[in-house]
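Have a look at the structure below, then the notes.
Derivation of every value follows stated rules applied to the coordinates shown; laboratory data play no part. No experiment lies behind these values; they were computed from the predicted model shown. Methodologically, a virtual Cβ is constructed for each residue, glycine included, from the backbone with ideal geometry; neighbour enumeration extends over all protein chains shown.
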Amino acid sequence: MQTWSAPQVPSLPVRGPQVSIHDTSSGGPVATTPADVARLYVCGITPYDATHMGHAATYVAFDLLNRAWRAAGHDVHYVQNVTDVDDPLLERATKVGVAWEELALRETQLFRDDMEALRVLPPRDYIGAVESIPLVIDLVEKLRATGSVYTVDTDLYFSVTSDPAFGDVSGWDRDQMLAIFGERGGDPEREGKKDPLDCVVWRGERDGEPAWDSPFGPGRPGWHIECAAIALKHLGTGFDVQGGGSDLIFPHHEMSAGEVQVAERGDAFAKAYAHAGMVAYDGEKMSKSKGNLVFVSALRMSEVDPMAIRLTLLRQHYRSDWEWTDEQLWSSVDTLASWRDTITAGAGAPAQPVVEAVLAALANDLDAPTALAAVDTWFTTTAGGDTTDPNAAETIRALLDASLGLAL
Ligand code: ZN
């Protein structure tokens, strides 16, 4: 699938430090140790509605990881999927009376435009579920060969207990898993399953739903195995970081990891699992069911500078749950205006310590608020009349662009 265009990333005068990130699986920070090429998979959208701030916060967070790795001297192989066939998309398409393919194309394009406006570096491989069906079929076949898949009516289920490491990604116990599984696309009540937590890998054809031929009958992929198959094909096992919002910890990331680990006879799916916090608005988590969504595209269409949206997101640590407010956005608009005024001068306070502070903060679990505090101090000192560094402005401009994705 076509990705979006990459912004120019200026080169920096110094190399960034090794990047550490909070790993949900081990519950603490881990030093990422990529080979020359760092490998990142971030779960993509189901394109049935526009990108809201919760999505944007997640993709901007992992964009910081991408940039921190580049600053540390790595090439980055970034893969993202698009779940361009799944229940929510089909349901929405039926409800609004549009062909599901058309809805998926339209919303995927809107997402690309949003990502481009926010200066998120594009994935090298941007892969749709529909185009990945042969990969899914291969992975289901591999699982069948291990005896970890069984049939209920025309659907195929993955037996979670076949993965000895099941539960290690989330660290959740069965009660926690059972409490949330049904809310997040699972079907714990389905009769005929061996374990209520088992998940669908192939959904047999239903009337009025799209279906593709397979050795196990016509149908379509389950969501977890879609990401499992795409990540396995494009990154292999043991890639550096699996990322997504914290609502994907369970079941999505647990199941994708389990499916690959069983198919690959115990090889770990990813080395670390990193998760971005949830964004609230009007007192509740931003979600389609609550209807309290702030859309990136709607703000863009009302002439809001996408850099102000990005700065607002960066003011929060990516792992925290927080609430979006319009005041924060307008404050970012003012900050950018003031920064742009100050930076036209050319000279400023010494830039080198700011470069080092920003790169160090981002390499330490993508700590953008701390990075921005160093940037704020530089602007205050410079606006206060410190012009000891004649080339400071260009360095700070390049630093903001390269490491934080903020173009002044
Ligand atoms: Zn995924």
Open item on the list: List the lysines whose Cα sits under 16 Å from the Cα of LYS194, skipping any in the same chain fewer than 8 residues away.
Closed with: none
TODO: Give me the net charge of VAL260's neighbourhood, meaning all other residues with Cβ under 10 Å from the Cβ of VAL260; Lys, Arg count +1, Asp, Glu -1.
DONE: -3
Task: Cβ charges +1 (Lys, Arg) and -1 (Asp, Glu), total dipole of the range 325-404, debye - done: 200 debye
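Quick one: GLU91, GLU191, GLU259, fewest Cβ neighbours within 10 Å first, how do they rank?
Values: GLU91 12, GLU191 7, GLU259 30.
Ascending number of Cβ neighbours within 10 Å: GLU191, GLU91, GLU259.
Rank the residues THR382, THR370 as a footprinting-exposure proxy: fewest other Cβ atoms within 10 Å of their Cβ go first. Could you put the intermediate results ahead of the total?
Details: THR382 24, THR370 16.
Ordered by Cβ neighbours within 10 Å, fewest first: THR370, THR382.
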TODO: Using only Cα atoms, tell me the angle between helix 254-263 and the longest principal axis of the chain; keep it within 0 to 90° and round to the nearest 10.
DONE: 60 degrees
Task: Electrostatic dipole magnitude of the chain [Cβ: Lys, Arg +1; Asp, Glu -1; Cα centre; debye, to 20] - done: 660 debye
Open item on the list: Helix-only mean residue ellipticity at 222 nm, the chain, DSSP H runs n ≥ 4 weighted -39,500 (n - 2.57), per residue, nearest 500. What is it?
Closed with: -12500 deg cm²/dmol
Open item on the list: Cut-off 18 Å, label point 7 angstrom out along Cα-to-Cβ of ALA35: give me the residues of the range 53-80 whose amide nitrogen falls inside.
Closed with: 70, 73-79
Open item on the list: Rg over Rh of the chain, using C-alpha atoms and the Kirkwood radius, what does it come to?
Closed with: 1.00
Open item on the list: I'd like the antiparallel share, as a percent to the nearest 5, of DSSP beta bridges with both residues in the chain.
Closed with: 45 percent
TODO: Stick to the Cα atoms of the range 243-344, pair each with every other, and give me the Kirkwood hydrodynamic radius in Å at one decimal.
DONE: 16.2 Å
Open item on the list: Using a Cα-Cα cut-off of under 16 Å, which aspartates and glutamates could be cross-linked to LYS285, ignoring same-chain neighbours fewer than 8 residues away?
Closed with: GLU183, ASP247, ASP321, GLU323, ASP326
Task: Partners for LYS233 among lysines (Cα-Cα distance below 25 Å; same-chain residues under 8 apart left out) - done: LYS142, LYS271
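Assuming a ≥ b ≥ c are the square roots of the Cα gyration tensor eigenvalues, decide whether the range 325-404 counts as rounded (a/c under 1.5), prolate (otherwise, with a/b larger than b/c) or oblate. Write down the numbers at each step before the final one.
Values: a/c = 2.02, a/b = 1.13, b/c = 1.80.
Oblate shape, in that a/c is at least 1.5 and b/c is the bigger or equal ratio.
Quick check on the exposure proxy: order TRP69, TRP4, TRP378 from fewest to most C-beta atoms within 10 angstrom.
Taking fewest neighbouring Cβ atoms as first place, the list is TRP4, TRP69, TRP378.
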Task: Distance (nanometres) between label positions extended 7 Å along Cα→Cβ at GLU284 and ALA373 - done: 3.4 nm
- [ ] At most 14 other Cβ atoms within 10 Å and a DSSP loop assignment: could you name the trypsin sites (Lys or Arg not before Pro) in the range 14-76 that fit?
- [x] ARG15
